[in-house]
Amino acid sequence: MNFDQVHQNLQKNRTDMSDLQNQAASQKRLNKPSDDPVGAARVLATRTEDRGLNQFVKNIHQARSFLDMTDQALNEMSDLLVRAKELAVQQANDAGANPETRQVAALEIGQTFSQAVQIGNRKLGERYIFGGFKTTTSPFNQAGDYKGDDGDMNVLINKDAEVAMNLPGSRVFGGVGVSADGHLRAKMDSPKTAEDLNQYQRDNEELRQEIEDGRDEEFVLRGPASSTETSRRRQVETVPQNTQDGINVFRVLKNFEIALRTNDKEEIQIAIDDIDRSLSQVIQGRAQVGARVQTLNQTQESLQKSLVDNKALQSQIEDADLFQTVSDISKTDSALRASLETSGRLVQKSLLDFLR
């Protein structure tokens with residue numbers, strides 16, 4: 001009976017010493033689930049949550065990169081439009097403006113148009129940022145026609161929140177939409193032909209176009225988005241039905257260039273207002289991007305706080321108190337030594353008694 005009790009005490013002290021040594025070496029109180037089943041379950045739950053939070057943070061970084069590039073591109077486009085407006089004001093109002101100065105200005109606007117198309121085809125890595133879902137092909141051709149779509153690439157940034165990481169070029173540059181009064185206006189070079197229209201009308205709806213002499217003509221647009229033919233054999237643009245009011249930045253620049261080359265003072269004056277509208281449209285796009293970036297930043301701060309809180313909870317549950325562990329090792333070592341000494345005496349006495 002004495003031997004069994006001594007053996008149990010020794011085993012317990014040795015097991016306690018081994019556990020304490022493992023805690024000191026790993027600096028963890030939980031080294032296996034059996035050390036604290038409830039605590040181990042809580043740690044596992046927080047680590048699982050951390051994996052989701054870290055994925056949200058990665059999504060935010062990706063979205064911010066896209067939006068930062070978008071903001072940079074829109075800032076460059078704003079600068080181009082500001083310069084275009086300066087030229088428009090000069091060539092419309094300055095007493096020194098003449099056909100020669102307008103030809104020089106037309107050359108600069110031609111370069112501005114090319115730069116604007118390059119901005120519209122800006123890429124981040126191998127992905128075009130203004131093409132909607134179509135990120136592998138150029139959203140704008142050299143004429144400034146939009147070839148992308150109107151897709152928003154939404155990314156999850158939290159369990160219940162998502163943010164569009166892109167701004168389709170059809171909105172910020174293409175000006176998909178019609179004027180507020182529902183009319184679509186275009187300059188007529190003659191009673192038989194019209195320049196490309198600056199605005200858009202929804203599919204399969206009637207379009208009324210005012211002619212300079214005051215006559216009205218009505219059209220029905222047919223076909224999907226892009227150029228289509230009317231019953232009057234005039235080329236106009238149609239777009240899907242989810243249109244919004246806006247202005248086509250590229251057509252504004254191209255019309256301004258044509259007005260300068262043809263010395264059309266009236267159209268140059270009109271270009272001032274059109275460029276203003278284009279600039280406002282781009283600025284509005286930047287405001288949308290800025291609002292999204294602000295949302296991303298605020299969400300990331302919240303996610304980082306949650307990660308820190310989870311880390312603190314995990315540490316509280318599984319980390320060992322080294323000072324307490326060292327103290328416990330000292331106590332357990334003393335108990336183990338006492339057990340060994342006591343057991344030695346008991347075993348020695350029993351053997352002597354047995355020999356006698």
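The values are calculated or read from the model by the stated rules, or taken from the named source; none is laboratory data. Owing to the predicted nature of the structure, the values given are computational and were not obtained by experimental measurement. Cβ atoms come from the backbone with ideal geometry, glycine included; neighbour counts cover every protein chain shown.
One residue stands out in segment 141-162 among those that are outside any loop (DSSP other than H, G, I, E, B) and not aliphatic (A, V, I, L, M): the one that is farthest from residue 57 (Cα to Cα), namely 146. Among the residues of this structure, residue 94 does not count as one that is assigned by TED's automatic domain parsing to the domain that holds residue 278 and either among the β-branched types (Val, Ile, Thr) or modelled with pLDDT of 80 or more (or both).
Can you name every residue in segment 126-146 that is more than 18 Å from residue 66 (Cβ to Cβ) and touching a strand residue (DSSP E or B) at 6+ places or on another chain (Cβ under 7 Å)? I'd like the intermediate steps shown before the answer.
Taking segment 126-146 first, the residues more than 18 Å from residue 66 (Cβ to Cβ) are 141-146.
Answer for segment 126-146, where residues must be more than 18 Å from residue 66 (Cβ to Cβ) and touching a strand residue (DSSP E or B) at 6+ places or on another chain (Cβ under 7 Å): just 146.
Only residues in segment 291-318 that are polar (S, T, N, Q) count as the first member; pair them with residues that are not in a helix (DSSP H, G or I), Cβ under 7 angstrom, at least 6 apart or cross-chain, and list the lot. Correct list of pairs: 295/163; 299/157; 299/158; 299/161.
Suppose we filter 178, 155, 163 for residues that are of a type in the set (Val, Ile, Thr), at pLDDT 90 or above and either outside the structural domain of residue 283 (by TED's automatic domain parsing) or buried (at least 21 other Cβ atoms within 10 Å of the Cβ) (or both); which single one remains? Let's see the steps before the verdict.
On the way: 178 fails: at pLDDT 90 or above; 155 fails: either outside the structural domain of residue 283 (by TED's automatic domain parsing) or buried (at least 21 other Cβ atoms within 10 Å of the Cβ) (or both).
Among 178, 155, 163, only 163 is of a type in the set (Val, Ile, Thr), at pLDDT 90 or above and either outside the structural domain of residue 283 (by TED's automatic domain parsing) or buried (at least 21 other Cβ atoms within 10 Å of the Cβ) (or both).
When 63, 41, 106 are checked against the criterion of being aliphatic (A, V, I, L, M) and at pLDDT below 95, 41 stands alone in meeting it. Do the conditions hold for residue 46, that is, is it at pLDDT below 95, in a helix (DSSP H, G or I) and surrounded by 15 or more Cβ atoms within 10 Å (Cβ to Cβ)? Yes: the conditions hold for residue 46. Among helices (runs of 4 or more DSSP H) entirely within segment 237-356, having at least 1 residues that are at pLDDT below 85 and either among the charged types (D, E, K, R) or more than 25 Å from residue 115 (Cβ to Cβ) (or both) singles out 265-318, 322-355.
Does residue 133 qualify as being surrounded by fewer than 17 Cβ atoms within 10 Å (Cβ to Cβ) and among the aromatic types (Phe, Trp, Tyr)? Reasoning before the result, please.
Values: surrounded by fewer than 17 Cβ atoms within 10 Å (Cβ to Cβ): yes; among the aromatic types (Phe, Trp, Tyr): yes.
Judged against the criteria, residue 133 is a match.
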